[in-house]
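Below is one structure, written out as structure tokens, with a few remarks after it.
Computed from the coordinates by the stated procedures, all read-outs in this text should not be read as laboratory data. If you're wondering where the values come from, they're calculated on a predicted model, not measured in any experiment. Cβ placement follows ideal geometry from the backbone for every residue including glycine, while neighbour counts extend to all protein chains displayed.
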Amino acid sequence: MSRPRAAVATGGRLRASRRPGGALASLLACAGLLLPAVQTAAAPAASAAPAADAPPAAATADPPGLVRRTTLVVHDLEASVRFYRDVLGFELWLENRGQVGPSSLPTAAPPGSPSRFAIMKGRHPWVGMVGLLQYGEPRPLPRPPAALRPGDAVLMLETTDLEGAWQRMQRAGTPILRPPASSEVTGAGGARWTARFLFAFDPDGHVLEINERLPAAPAPAAAGDAARAGPAAPVRVRREFVDGRYGQLHLRRASPTQAGGLHAPVVLLHQTPLSGRMFSELLRELGRDRVVYAPDTPGYGESDAPASPPELADYADALHDFVAGLKEPVDLVGYHTGAMIAAELAARHPGSVRRVVLVSMPLFAPERRAALVTTTPLAEDGSPLLAEWRSTMRVRPPGQTLEQAARIVAEKQRAGTRAGWALAALQRYDAPPRLQAISRPVTVVRPQDGLWDEGAAAARLIPGARLVDAPQWAFGLFDADPSGVARVIRDALD
């Protein structure tokens, strides 16, 4: 069953209702991402909607006005749970029981009477949850209202199976306000799509707008994009600069041109001395159903460099400046040097990270770490460039074109004599205690590119890490098999 997501359209003010059926737009943040998919917890005194979905203490502050959960005061919590779970497809995420007491929200239920609270979770990991709060004993369900009044609420639910929801509503006897109908919608940026809409009432008479987005026409694109991708390209890739602590940070941004699923943004961190360009093919695969960013690490690609060689934590903090600006937790995917930077970022800033995928972890033994080449030779005869080309050809995998291989060699030249700075930082970095400090869910992927054993060792150090063997890949995997890599990443993130 496809789970919906929920948004809320309310009147202009937040109000506490003394009657079941009133809406409380709760601005308490949600920490469902730390809980199992379905959990029932007992609490000694659930006197008010608890902060069971508040973020961990290390989380960064949310911007003002972000609504993560809407709590409905209901007549009969059991009836409401059955409706949102069995008819609309939500999961029962949490349930608490307690008693009405001094800290309860305003209610007509007498002190000491039972209090019950539940959180219903849609498909998004932290946004759009629906809280259900019952004070006192269950009461008979009301008739649907004849008209909306100021202060009432309309919940908008997006689903990928409107027909299934419609059929389940009919079987359950759900009061229907308007049956399914289609309409063309124009969204932000000029994108147009056709959506099917259904309006109905939940057991307490709250109006539900349920819609399903059908295939959309892409928004107008720049001429250069149209020439590269064609008029019906499913993904738009843009290049941008943002201000950072070392100057400007360059990045690539991929996003669906049509309405897609609701997923956390993904940030791809590259191997050095390469740049986010190494993910050119992967961006178009992952960007089909989510927004994906591929920043150039400071000093690489087109990002401005620090004035002096930084430590690995400095790279992590500089990239976190960009992540924090997105104003929501992200999924991190790092490769080689980028994997270690991603690990450090997750350890230092857990509130900004949802999940992590680490590909080819460079957890080198001390002797191998000491042997890393951290200087960049230059010669008038171009011999280092020829050596780089030959080295790339030796490990070039089937499926990687000569043009893609040449792109890799070219990117390695951009940093000049700074090319080895990130490897030097890795050489000085004490990885084991930092990996042990990661608290976010981590998947370690190990291809056959010389870091097979190192990947397994990293997975053993990271609490609860999942290890995925990928012997079908070696070097150049993002060019050779971007769709296969995207499948593994989606499996780890979704």
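What the table below lists for this structure:
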item: Cα-only radius of gyration and Dmax that characterise region 353-393, units Å; result: 15.9, 48
item: Given charges at beta-carbon only (K, R positive; D, E negative), |dipole| of region 223-493 in Debye; result: 540
item: Estimated distance in nm for a label pair at Val373 and Ala307, the labels positioned 7 Å out from Cα along Cα-to-Cβ; result: 3.1
item: Exposure proxy ranking, count of Cβ atoms within 10 Å, fewest first, for His75, His336; result: His75, His336
item: Taking all pairs of distinct alpha-carbon atoms in region 267-332, Kirkwood radius in angstrom; result: 12.7
item: Between region 458-494 and region 99-118, the Cα center-to-center distance that results, in Å; result: 49
item: Paramagnetic label zone (point 7 Å from Cα along Cα-to-C-beta, Glu240; backbone N under 13 Å) in region 322-347; result: 322-328
item: Label point distance in nm, Glu403-Ala181, each placed 7 Å from Cα along Cα→Cβ; result: 5.0
item: Residues of region 464-494 with amide N under 17 Å of the 7 Å Cα→Cβ point at Trp452; result: 467-477
item: Dipole of region 223-493, positive end: most advanced residue of Leu378, Ser352, Gln448 [Cβ charges, Cα centre]; result: Ser352
item: Overall Cα dimensions of region 293-385, principal axis frame, Å, largest first; result: 49, 31, 21
item: Rg and Dmax [Cα atoms of region 357-449; Å; Rg one decimal, Dmax integer]; result: 16.1, 50
item: Prolate/oblate/rounded label for region 223-493 (Cα gyration tensor, a/c 1.5); result: rounded
item: Neighbour-count order for Lys327, Lys121, fewest beta carbons within 10 angstrom listed first; result: Lys327, Lys121
